[in-house]
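Let me begin by presenting the structure, written as structure tokens, before commenting on it.
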Amino acid sequence: AEEWQAIGSPLIIGAEKKLFPPADEAPWPKSATPYRFLNSGAIIATPADLLKLMEALAPESLPNDSETNGVAFHSNDQAWLQALFLKQPIPMLLDTECRFIWNLCDVPITSASFAINDAEVMNLDTNTFPGVIHANGSSKEGEIFLEILKSLEPKSDLKVCATL
């Protein structure tokens with residue numbers, strides 16, 4: 001929280017390695033890291049900025065989940081937020097350095113992916129210690145999130161909240 005406040009408390013959205021849902025990657029900003037695409041799973045914002053974001057999404061105009069003739073339709077908040085991000089009706093930043101949020105989708109389970117340092121998880125792609133680790137996409141079924149949790153288990157002073 002102190003680091004976020006020190007940089008001006010911007011609205012920050014987590015970034016991931018692959019663009020999902022698949023679309024044209026050209027409009028997305030280049031990044032010095034492999035994390036350049038918006039993931040809607042974690043957003044850091046003041047209440048006022050989050051309200052502005054929700055108002056800009058215009059939820060009353062978004063389709064609800066439905067079923068027609070046995071065919072289910074599930075709306076996609078990530079696609080809506082991606083479209084909004086590219087338009088920038090309000091200032092939004094992507095956490096491409098994973099300073100705050102690390103989205104694990106498409107992160108391989110190798111010793112080159114992460115390290116544990118004093119009960120903190122270090123993302124070795126970015127050399128940062130994100131405060132939020134999000135097991136999104138394929139990482140829900142993959143091994144990396146479980147390996148991170150196992151590595152943190154012996155740290156008695158660490159508090160972990162894991163949700164999938």
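The values are calculated or read from the model by the stated rules, or taken from the named source; none is laboratory data. Quick caveat: nothing in here was measured; it's all calculated off a predicted structure. Note: ideal-geometry Cβ built from the backbone for every residue, glycine included; neighbour counts use all protein chains shown. Calculation scope for accessible area: heavy atoms of the full protein, side chains included, ligands and nucleic acids excluded. Shrake-Rupley method; radii C 1.70, N 1.55, O 1.52, S 1.80 Å.
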Within the stretch 72-124, how many residues turn out to be on the phi > 0 side of the Ramachandran plot and not small (Gly, Ala, Ser)? 4
Do you know which residues across the stretch 51-77 are in contact with a strand residue (DSSP E or B) (Cβ under 9 Å, 6 or more places away or on another chain) and modelled with pLDDT of 95 or more? 53
For the stretch 124-147, name all the residues that are over 15 Å from the mean Cα position of the chain (by Cα) and polar (S, T, N, Q). 127
Could you say whether any residue in the stretch 52-63 is exposed (fewer than 10 other Cβ atoms within 10 Å of the Cβ) and closer than 29 Å to residue 127 by Cα? no
Tell me yes or no: at least one residue of the stretch 2-19 is assigned to a helix (DSSP H, G or I), surrounded by fewer than 18 Cβ atoms within 10 Å (Cβ to Cβ) and touching a residue at least 24 places away in the same chain (Cβ under 8 Å). yes
Within the stretch 81-99, residues open to solvent by 20 Å² or more (accessible area, probe 1.4 Å), touching a helix residue (DSSP H, G or I) at 6+ places or on another chain (Cβ under 9 Å), touching a residue at least 40 places away in the same chain (Cβ under 8 Å) and closer than 30 Å to residue 61 by Cβ come out as 90, 91, 94
